[in-house]
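The values are calculated or read from the model by the stated rules, or taken from the named source; none is laboratory data. All values derive from a computational prediction rather than experimental measurement. Reconstructed Cβ throughout: ideal geometry from the backbone, glycine too, with neighbour counts over all protein chains shown.
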Amino acid sequence: MKPIRLISGVLTVGFWTLASRVLGLVRDTVILALIGPGPVMDAFVAAFRLPNMFRRFFAEGAFNAAFVPIFSKKYEGEENPLVFARDALNGLATVLLVITALALVFMPALVWATAGGFAQDARFDLTVGFGRVVFPYILFISLAALFSGALNATGHFAAAAAAPTLLNVLVISAMLAGYLLGDEVIWWLIWTIPLAGVAQLALVWVAAERSGVKVRPGRPRWTPDMKRLLRVAIPAALAGGVMQINLLVGQQVASQFGQAVSWLYAADRLYQLPLGVVGIAVGIVLLPDLSRRLKAQDNDGAQHAFSRAGEMALALTLPAAAALVIVPLPIVSVLFERGRTTHADAEAIALAVAIYGLGLPAFVLQKVLQPQFFARENTRTPFYYALWSMAVNAILAVGLVPVAGWLSPAIATTAAAWVMLVMLFVGGRRLGDTARFDARFRKRWPRILIASLIMTGVLWGTYLGLGSMLSMNYWRYIALILLVVTGMAAYALAGHVIGAFRLSDFRSALRRKRS
């Protein structure tokens with residue numbers, strides 16, 4: 001078998017994802033400072049969510065769940081993977097062109113369906129205008145996802161993981177240029193998004209060519225492999241559709257409250273940082289690895305890879321979740337409180353961050369458990385689980401409004417994530433021993449939890465000790481650094497002493513990566 005180094009792969013993807021997410025926070029900081037929570041930012045969030053919604057539906061959701069396992073198995077078995085990739089590219093491009101054309105024509109209907117609360121004010125027309133500019137982004141970014149999936153399946157992770165940084169670099173540069181030139185920053189932001197999609201596609205296409213994945217566009221063809229791809233992709237698309245409905249329900253509820261869409265967007269971006277660095281990175285590397293090991297009938301290797309992925313996910317996620325729940329306001333204040341974003345805005349965002357933080361372990365572990373199904377080309381079971389998750393989300397998002405107001409979407413999202421995780425865990429055990437965590441994982445996860453609880457206590461004590469320093473204009477930056485350093489040191493020391501993890505595991509992975 002042609003090996004994929006799980007830990008070094010996760011570190012590679014994690015590094016570039018961290019860079020992308022940090023730049024994403026810088027991007028959102030600039031947006032909040034130069035535009036600020038309000039009608040214009042609400043309209044941007046709703047408009048930008050449209051191509052991202054369809055992207056997750058087609059590219060990162062249904063398509064990748066179907067394409068990556070099949071391509072990985074063909075690559076492992078030397079069964080003409082490039083022919084399959086060519087046909088998949090042509091089919092996906094055709095579907096995306098049709099969807100983009102329809103969306104541009106029916107944009108007002110799309111906005112009404114996804115942010116109905118905007119219909120009563122100026123945000124509606126703004127969102128329609130913004131949406132028609134940014135929607136073509138889906139075409140470029142979805143095709144980029146195909147090349148990224150092929151690169152990941154062949155063990156080349158860096159270019160695919162680095163591509164998202166281009167969006168943030170270009171958007172930040174454009175907004176600063178617009179501000180310095182005295183123009184309307186929002187239009188510089190809006191028009192840069194589709195251009196960034198072109199840049200991302202170009203990067204991964206060139207990287208794929210250099211790695212030997214040479215795919216050329218052409219006429220769509222209906223083949224047995226395309227039939228197989230569609231058979232696997234349809235349940236995944238439905239599952240992706242369910243997850244997107246969860247987002248839309250939340251946005252519909254939030255659109256009834258002034259500035260809530262902007263607040264929840266900022267909170268979502270913050271918890272997406274650890275989710276992307278850990279959960280998405282682990283899922284990206286684990287899916288092709290499991291697919292190829294199952295093809296090679298390497299059951300012991302598949303269980304080992306699955307268990308180490310779960311171990312790493314827990315070790316990195318639990319302390320991050322604790323920080324988001326215990327000290328959200330200092331984090332939000334330092335990142336977002338400036339320009340047109342007030343302290344009251346920061347307090348509202350921090351409250352949502354704490355709620356999302358409670359669900360972070362569930363969000364991340366889903367990315368570890370789902371590849372067990374996808375690697376077996378089983379996308380139906382996750383779809384059924386997603387239906388239950390959708391029901392929980394919809395009932396809570398709407399039902400909690402009288403009690404929790406604009407926070408009800410955040411509460412519903414977190415609760416639905418835990419429901420989905422439990423179902424994936426229980427259902428995964430039916431797949432056999434390769435889908436069950438090994439003895440080392442069962443030994444270490446309670447210790448990881450204890451180390452995280454120790455860190456939580458130290459973090460809370462440090463937070464109380466810093467007191468008013470956290471609210472002082474410039475000292476708050478130093479206070480946040482002290483919180484981060486103290487929390488990390490406490491967790492690393494406690495985890496190493498009680499055997500929750502070994503720092504040598506990460507050092508050896510880094511040495512292999514350099515070699």
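Table: residues versus (1) modelled with pLDDT of 90 or more; (2) buried (at least 21 other Cβ atoms within 10 Å of the Cβ); (3) not assigned by TED's automatic domain parsing to the domain that holds Ala267.
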position: Ala412; (1), (2), (3): yes, yes, no
position: Trp418; (1), (2), (3): yes, no, no
position: Met423; (1), (2), (3): yes, no, no
position: Arg430; (1), (2), (3): no, no, no
position: Leu449; (1), (2), (3): yes, no, yes
position: Met455; (1), (2), (3): yes, yes, yes
position: Gly465; (1), (2), (3): no, no, yes
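Of everything listed in (1) of a type outside the set (Gly, Ala, Ser); (2) within 30 Å of Ala305 (Cβ to Cβ); (3) without any contact (Cβ under 8 Å) to a residue 60 or more places away in the chain, the single unmet condition for Val392 is (2).
Within the stretch 432-447, count every residue that is without any contact (Cβ under 8 Å) to a residue 60 or more places away in the chain and surrounded by 16 or more Cβ atoms within 10 Å (Cβ to Cβ). So the answer is 1. Checked against the criteria, Leu459 does not count as free of Cβ contacts under 8 Å to residues at least 60 places away in the same chain, crowded, with 19+ Cβ neighbours inside 10 Å and either of a type outside the set (A, V, I, L, M) or part of a helix (DSSP H, G or I) (or both).
Name the residue, out of Ala315, Ala344, Ala354, Ala394, that is out of contact with any helix residue (DSSP H, G or I) (no Cβ under 6 Å at 6 or more places or on another chain) and either of a type in the set (Val, Ile, Thr) or at pLDDT 85 or above (or both). Before the answer, list the steps.
Working: Ala315 fails: out of contact with any helix residue (DSSP H, G or I) (no Cβ under 6 Å at 6 or more places or on another chain); Ala354 fails: out of contact with any helix residue (DSSP H, G or I) (no Cβ under 6 Å at 6 or more places or on another chain); Ala394 fails: out of contact with any helix residue (DSSP H, G or I) (no Cβ under 6 Å at 6 or more places or on another chain).
The match here is Ala344.
Look at Leu146 and say whether it is in contact (Cβ under 8 Å) with a residue 40 or more places away in the chain, within 18 Å of the chain's Cα centre (by Cα) and assigned by TED's automatic domain parsing to the domain that holds Pro81. Spelling it out, Leu146 is indeed in contact (Cβ under 8 Å) with a residue 40 or more places away in the chain, within 18 Å of the chain's Cα centre (by Cα) and assigned by TED's automatic domain parsing to the domain that holds Pro81. Scanning the stretch 472-504 for residues that are among the hydrophobic types (A, V, I, L, M, F, W, C), out of contact with any helix residue (DSSP H, G or I) (no Cβ under 6 Å at 6 or more places or on another chain) and either part of a loop (DSSP other than H, G, I, E, B) or assigned by TED's automatic domain parsing to the domain that holds Glu337 (or both) gives a single hit, Met472. Examine the stretch 176-189 for a residue that is within 23 Å of Lys74 (Cα to Cα), of a type in the set (A, V, I, L, M) and more than 19 Å from the chain's Cα centre (by Cα), and state whether such a residue exists. No, because not a single residue in the stretch 176-189 is within 23 Å of Lys74 (Cα to Cα), of a type in the set (A, V, I, L, M) and more than 19 Å from the chain's Cα centre (by Cα). Checked across the stretch 205-215, the condition of being loosely packed, with under 15 Cβ neighbours inside 10 Å and of a type in the set (A, V, I, L, M) holds for at least one residue.
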